[in-house]
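Just so you know, all these numbers are worked out from the coordinates, no wet-lab data involved. Just so we're clear, the structure is a prediction, and the values are computed from it rather than from any experiment. No Cβ is skipped: glycine too gets one built from the backbone with ideal geometry, and neighbour counts run over all protein chains shown.
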């Protein structure tokens, strides 16, 4: 369309439609359209562009200070319906930051912003998103756009994307890949996401052990570029079996006439494709690696893992622990529709209701006692609360100790003795303090004695439960972080109320 | 001492002292001593060595399966006083694994095992330990041994070690370094541990922008070896100002005649030494870096950071959040003396006692009401418990959202609206369910109504508190993970009891 025609069209439109259209026009065409507009409109729309210019300068200024609130800038632009400005802000941001921004937006605004992400960057942005939002936004794209954006990704990222999409859509993405890539993708998809096979990328450079440094250098120069994050070449023998790693840092300092066999580091053992994420992490730690080869059963190199992917996986693990302890899903959208989130959290509240009613049931057994001595009702939450707190300390310690390997088969018993020791010391200390406070409050020595004894019993029991529950869950193959704290609270509530009210019935009435 | 003399000495000793001495003898001297012993002793002690041999084979077998319980093997050897076997097992383990093993041992056994770690590996082991144990074990070494083991460390690790030691001992370590290293160490010590300056290492290779690839390669060959984990050379101009990074992977594929200036990646911006750990992490993520340069105010390269150190820092951060939410110190020894651990945990229990007594005080206000209707005492923990669970979900979500940047200034309000919406839906749902259960239990419609209303009020309040407390703490510069859950529980307990018992007093009596 000729600029003059566009200008005429713009003049015909209502104010807000005009602005919406203007937002869709390429920045470099703006200058050619403006002269055709009447003076009022020209000022108005040019002002809008100057506005964007201004916003850009501002953002640059901010980013030189190291801190920008992109979120506020974007939401303001959205509020003014200035999508073009949104696009410009996004364009300057790294895909990881765009992903963070998308996650921080409520769903409707998120869709508007998502529509302004360039197709060639959309794939990279998807990779940085948590699963729920990733799937939702991928489904927003046309299939062609999704395929185009996925084709920009490295293979390991593409595998990630395919794995998180609904299987039908994933299969379409797979079929859209070139034949050679498809077979690589399929072999990578065969491994679980958090195994070495699932973490690996296929972009390996292999060299033969029997060639000289000068030959390797010549070969690399023929390749022209190496894959990103290459610090290691994989050395194989004539039959393609993996022999060791040749670090680029060794290659560039080596004498040109030396054979690779003398320079390779055989300590860089190939990681089995089936190795778990934590085994991979251990290997990286042990060898101070930045990248490592993955081998199949025949000891042939099928890919390599880079440290950043391992680090991401490990971080996600500890994030998941934190979220699960509160009954939350770490891959969920924190701005998911209220109804969806409510349903998820309702489940957790329902499970905890069982705990709460068990505690109430125990109290119910002692209604007669409570009627006679209402001070018991006043003090009983203290017993349960102290037990819960002490127990959750032991529980957290054991859960984290299991994850770090500080707690393992050889020291379960020692740990229990220690935790019991601590709970006896703290039990006695706080039993005395709380008993005295209760006596001071109600002037009833027997009540103080019963309260103190119940606290001591509950702290001992809390230590035992905080120690035993995660070990038991672990052995049963259940993640202790998921169910541990609910079960623990049930135990400390029931034992606490039972000990306190039971002792009171026996001794005080 | 001549082998015959050692043999004579061994024959003179009592059984357990003899075994202890035998354990101290070098393996390669054993063979020369054995022939001088009488036949019974020869068999016994040779058997012990064969034993060690056997243990070694066993361990190798195990490690080929990928799983060894070193802890049990070591504790068994300790139990038999076979320190030499301990030394042999340790010798085959990576320093990171040795550190993990030491952390998994109770203090007395830990000291025995520590005494068997070779001095040249002790420094590396110290680096992998959490602070408390690191300091304790470093203090066990003679000063010369500590200095010798520290001298094996890279500078960034040495800085770490010095920072965690008592200042006097740290100063001694510093003085024991060579003059040139000392000035580097001092400049690194000037930065906080979790800043770019604290994370960096000084082992940078710099090249000039105006030289050719062939010159760089010749220079590198003169150096003979590059520092571990080198994937990047730092390019500077004639005045030493940082220009960009030259990846080894680019260097090895480039034409020999091209100048470095054409090959450098200027997107690899120098990180300011004062940048925070999370800024550094962000930079690494954005640029897919394995290592990055650190520059001073004059844009001169003063060091480099490798990805593994950034990953460790970030992992420690999320570990700390988990531990702090239970009032635990993530650097503490889980096998610290019971008295020490008790004192630490007592503080946390004491803080929580304030919460518990506040709740009791609220209940105390309604003693007259409770006397008239004891069913209130039975049901009241349900109100507090549901509020606590719902609140801690919101709290955890916000704490993690703040850490990931999902929650920030531009969306506080939206998040609050959502959380309130969820709590209304769940509040109504569970209020009805719980009210009906209570009616079924006590056959008292008024009681059910009061209970349901209190639950609804408390869930609303929990959402508000779970949202507001971390934001407030963050603004006050207090880590929300540290104090958040205590304050939240105080709020949900007080509001829950007050709402339930207050409504009951007003409506049911």
Per-copy distances of the residue B:509 label point, shortest first, in nm (7 angstrom along Cα→Cβ): 2.3
Shielding by partners - mean other protein chain Cβ count within 10 Å, residues of B:459-467: 0
Region A:338-508: C-alpha gyration tensor shape, a/c 1.5 cut-off, then a/b vs b/c: oblate
For region B:338-508: relative contact order, % (alpha-carbon pairs under 8 angstrom, 6 or more apart): 37 percent
Average beta carbon contacts from partner chains per residue of B:424-435, 10 Å cutoff: 3
Rounded Å value of the spacing that divides the Cα centres of region A:402-471 and region B:410-438: 35 Å
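Using R₀ = 51 Å, calculate the FRET efficiency as 1/(1 + (r/R₀)^6) where r is the Cβ-Cβ separation of residue B:183 and residue A:182; round to 0.05.
On the way: r = 57 Å, r/R0 = 1.11.
Approximately 0.35, to the nearest 0.05.
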Relative contact order %, chain A, counting alpha carbon pairs below 8 Å whose residues are six or more apart: 10 percent
Per-peptide average of other Cβ atoms within 10 Å, ordering A:392-399, A:166-173, B:427-434 highest first: A:392-399, B:427-434, A:166-173
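Would you kindly calculate the translational diffusion coefficient of chain A, applying Stokes-Einstein with the Kirkwood radius from alpha carbon pairs, for 4 °C and a viscosity of 1.567 mPa s, and quote it in µm² s⁻¹ without decimals?
Using the Kirkwood radius from Cα pairs, D works out to 45 µm²/s.
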Highest-first arrangement of B:483-491, B:124-132, A:456-464, A:413-421, where packing means the average Cβ count within 10 Å: A:456-464, B:483-491, B:124-132, A:413-421
Calculated FRET efficiency for the pair residue B:436/residue A:361, C-beta based, R₀ 25 Å, to 0.05: 0.95
Nearest 10 degrees, 0 to 90: helix A:155-164 Cα axis against chain A principal axis: 50 degrees
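With N residues in region A:160-207, what two-decimal value do you get for its Cα radius of gyration over 2.2 N^0.38 Å?
Ratio of Rg to 2.2 N^0.38 Å for region A:160-207: 1.18.
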Sorted by Cβ density within 10 Å, fewest first, the residues B:478, A:305, A:268: B:478, A:268, A:305
Inter-site label distance for residue A:140 and residue B:507 at 7 Å from Cα along Cβ, in nm: 4.3 nm
Ascending count of other beta-carbon atoms within 10 Å, so fewest first, for B:249, B:178: B:178, B:249
Distance histogram for region A:279-387 (every C-alpha pair counted, 5 angstrom bins, percent rounded to whole numbers): 2, 9, 11, 11, 10, 9, 9, 9, 9, 7, 5, 4, 3, 2, 1, 0
Chain lengthening between residue B:148 and residue B:76 when straightened (0.36 nm per residue, less Cα-Cα): 22.9 nm
Cα-Cα P(r), region B:73-193, percent of pairs per 5 Å interval: 2, 11, 23, 22, 18, 10, 7, 4, 2, 0
Kirkwood hydrodynamic radius of region A:161-305, from inverse mean 1/r over distinct Cα pairs, in Å: 16.2 Å
Structure-based [θ]222 nm, the protein assembly as shown - -39500 (n - 2.57) summed over DSSP H runs of at least 4, per residue, nearest 500: -22500 deg cm²/dmol
Helix A:119-128 axis, angle to chain A major axis (alpha carbon atoms, nearest 10°): 20 degrees
For residue B:72, inter-copy label distances in nm, listed shortest first [label point 7 Å out on the Cα-Cβ vector]: 5.9
Antiparallel DSSP beta bridges within the protein assembly as shown, percent to nearest 5: 75 percent
Calculated FRET value between residue B:344 and residue B:44, using beta carbons and R₀ = 51 Å, to 0.05: 0.65
Quotient of Cα Rg and 2.2 N^0.38 Å for the protein assembly as shown, N being how many residues it contains: 1.08
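Inside 10 Å of the C-beta atoms of A:367-380, what's the mean count of C-beta atoms belonging to other chains?
The per-residue average across the peptide is 5.
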Tilt relative to chain A, helix A:307-325 - C-alpha long axis, 0 to 90 degrees, to 10: 40 degrees
